[in-house]
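A short worksheet on the structure shown next.
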Amino acid sequence: MSRIRLLSDTVASQVAAGEVVERPASVVKELVENSIDAGAGKIDILIRRGGRSLIRVVDDGCGMDRDDALLSLERHATSKIRSADDLQAVATLGFRGEALPSIASVARFRLTTREPDALAGTDLIVNAGKIEVVRDGGEAPGTQIEVRSLFYNLPARRKFLRSENTESRNIEHQLHLQAISHPQIAFTFIRDNRLVFQLAPAAKLADRIRDLYGADLLERLLPLNGTGSGKTNVGGLIGQAGLSRPTRAQQLIFVNGRAIESPLVTSAMREGYHTALMRGQFPVTFLFVQLDPAFVDVNVHPAKREVRFRDPNGVREAIVIAIQRTLERGRAEWQEKFRAPREMSKLTAPRSVDLKLRSEIIAPPVSQGELPVAPPESAVVEPVPRLPAPLEAIAPQPQRASAQEFQIIGVLNKLYVLMENADGLVLVDQHAAHERILFEELRRRMEEQGVPSQKLLIPQTFDLSPRDAEWVERNLSILQKMGIGIESFGPNTYKIDSLPAFLRTSDPVNFMQRVIDDLKDATDRSSAMRLGEDMIATTVCRHAVKANDPLRFPEVEKLIRDLLACDLPYCCPHGRPTMVQISHAELEKRFGRKV
Ligand SMILES: Nc1ncnc2c1ncn2[C@@H]1O[C@H](COP(=O)(O)OP(=O)(O)OP(=O)(O)O)[C@@H](O)[C@H]1O
Ligand SMILES: [Mg+2]
C-alpha cells in the first residue's frame, strides 16, 4: 500500500501559512505590501484586539476583476512575475503568490475589489481556505480585505499569540516601516476605534519622519545624500553622533524599498559610526540602500525579511563610507553653531540675581573674580596646568586665537560646563569632552609616528595562553605603534619593557592581559588601525579628566576649544554625548513664554 499522498490545497496553504503568517503583524505586512504593489495612493488600516479579531486594509489601488480576484486566492498565483528570469530581478514587494491563499486558509477572510473603470466589483468570502460566497460588490475602486478571527481554525497557533498590546505594537512597527519606505502614500491607522496616526502624502522622507516621529527627532538626523560606491547607492537619514537608542526599534533598513533585517548592514552601520555610538546602544537610521535588482536576491526568507547581496563587500563598504562622511559633515554643521556670538539676550536675569545663581553653581576653585562674563577677544589660551603631566606632553597644538565663538557661564557640579551660544544654552560634560580630545590626539599620533612610549624601570616577562600568544604575535606591530614595547621571549612567553607614555599603571602585565581580553574578539573582523583605536578608547577613559576634577577657567576654555576642533566633537569615544544643547525655543517653552 502506498504511503505518500498529495496534500489538499487547503492543508498545503496552511503549511505555507505557518511560514508566511507568523502573527497578526505578518498579515498586515502582506496586505499593505499588496496595496503598495497595486499602486495605492492611500491605505487605511484598522485592527481590533491586536489583530486577532479583525484586520482590515483598504486601498485605492488598481483593484482586480472577478477572474483575478478568484485567482489571487490560488497558491502560486501572482501578477508580479512570470518566469524564473523575473525572479532574478524582482521590482515589486510580492512575487510568490502565496500571501493571500495563506492568510485565507487560517482566518475568516473577505475580499472586496473593483477596478477603477469597472461597473461592478467583486465580493468574496472565504473561511479557512474555502470560498463560500462570490457575488457583485465593491463600492469604491480599489481593494478592501478583512481578516477576522485569525488562526480560529488552528488553536495551537492561536495560543502562541502574545498579548493584544504586544501584537498591536508589532503591527504599528510594521506600519512604520511601510510608511517610512513610501512617504508618497497616505496612511491611516486605527486601533480599537482609536486613531493612532493619519499621515498625509509627503513629498520627502524627511516630512514623513517629522509627521511620524516629530520635529525634535528630525532635527537630530543628518541626510545621507545619495552617496555610494559603484552600483550601490546609500541614501536616507541617520542620527547624528551621540544619538542612540537602547533597542533596534528605530534602526530601519530598506533595500530597494523593502524593509529588511540584515546583520551585514547592521555591522556596516556600526563600523561607520564607530566611536560615535555608545557601546550596547543602537543607532537611529532610516537607511535606504538602492541597487540594481539583479544584484540582490529577495527570495531567501519565508517572510521576505532578509535578502542576499551578490556583492556583500561592496554593499558593506558603501554603507561604511556613506555613514562616515555624513557624520563628518554633521560635525561641520555643529561647529557652525558656535560661530556668531549672540548678544547677551534679554532673557538674562539682572546682574545681582545672576551672580547669586552663579556662585551656587560654580566649582569652588573658580573665584568670582575669574568669572568669564565676557572674556576679551584676544584671550590667550594657556596650557592646562591641572591635567596629569603626561597628558600635557601630548596636548593638542595651541589653537590660533580665533574670535570668541561661545561664552562660558560657569561649571555646574564640577562636571558640566555651561555655555551660551547662538542657539541657547550648551552643557558640556567635561570628562566626556576630555576623553574625546585625548582619543583623537592619540589616534593622530598613532597614524603618524606612533604613540610615544616610556621605558619601564624593570622589564617584565609573562606567560600567555597559546591563543592569546597567537593574538599578540599577529598584532605585534600595531601594539608597538601603540607604544607597547612587547617582544617574544620563548614559547608563549613575552617580555614587556615599555608602555605608552600617557598610561599610568603600576602593573604592566595586568594591563597587557586586559588589553588582550578586551580586544581579541574585536580583531578578527577589524583592521589594525581599528584595533589601535579600540585600544585607545578603552584606555583613554581612565585617564581623562574625571568628573569632579575642578578646572580653572582657562583650562575650561581650552577644553572647549580643543573639543570643537575634534573630528567628532559631540560624543566621547564610547559614543556618549559630550554636549547637550538646550535651545532658546525650548527654554521659552519651559518658562511658559511660548506655547
Ligand atoms: N490590494 C490589491 N490590489 C490589487 N491586486 C491585488 C491586491 N492584493 C493582491 N492582489 C493580486 O493578487 C495576487 C496575489 O497576491 P499575493 O499577495 O498572494 O501574492 P503576491 O503579492 O503576488 O506575492 P507574495 O506572496 O510574495 O506576496 C497579486 O499578485 C496581485 O495581482
Ligand atoms: Mg503579496
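Taken together, the values in this text are just the output of simple stated rules run on the coordinates, not laboratory data. Quick caveat, the model's predicted, so the values are computed rather than measured. Note that we place each Cβ from the backbone using ideal geometry, even for glycine, and neighbour counts take in every protein chain shown.
Summary table
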read-out: Size-normalised alpha-carbon gyration radius of region 1-151, reference 2.2 N^0.38 Å; value: 1.04
read-out: Relative contact order (percent, whole number), region 57-176, Cα cutoff 8 Å, 6+ residue spacing; value: 27 percent
read-out: Long-range HN-HN contacts of Leu412 with modeled amide H, under 5 Å; value: Val417, Leu418
read-out: Taking region 196-267 and dividing mean pair separation by its residue count, relative contact order in percent (alpha carbons under 8 Å, at least six apart); value: 17 percent
read-out: Nearest-20 debye value, region 462-508 charge dipole, Cβ charges on Lys, Arg, Asp, Glu; value: 180 debye
read-out: D_trans [Stokes-Einstein, Kirkwood Rh over alpha-carbon pairs] for region 210-330, 20 °C, 1.002 mPa s, µm² s⁻¹; value: 149 µm²/s
read-out: Peptides ranked, highest mean first, by Cβ atoms within 10 Å: ranges 432-444, 413-425, 464-476; value: 432-444, 413-425, 464-476
read-out: Phi to ³J(HN,Hα) by Karplus 6.51 cos²θ - 1.76 cosθ + 1.60 over region 239-250, Hz, x for Gly, Pro; value: x, 5, 3, x, 8, 8, 10, x, 10, 7, 4, 10
read-out: FRET efficiency estimate (nearest 0.05) - Cβ-Cβ, His76 to Asp136, R0 25 angstrom; value: 0.35
read-out: Cα-based convex hull, region 215-277, per residue volume (Å³, whole number); value: 107 Å³
read-out: Amide H partners (placed H, <5 Å) of Ile582, local residues excluded; value: Leu425, Val426, Leu427
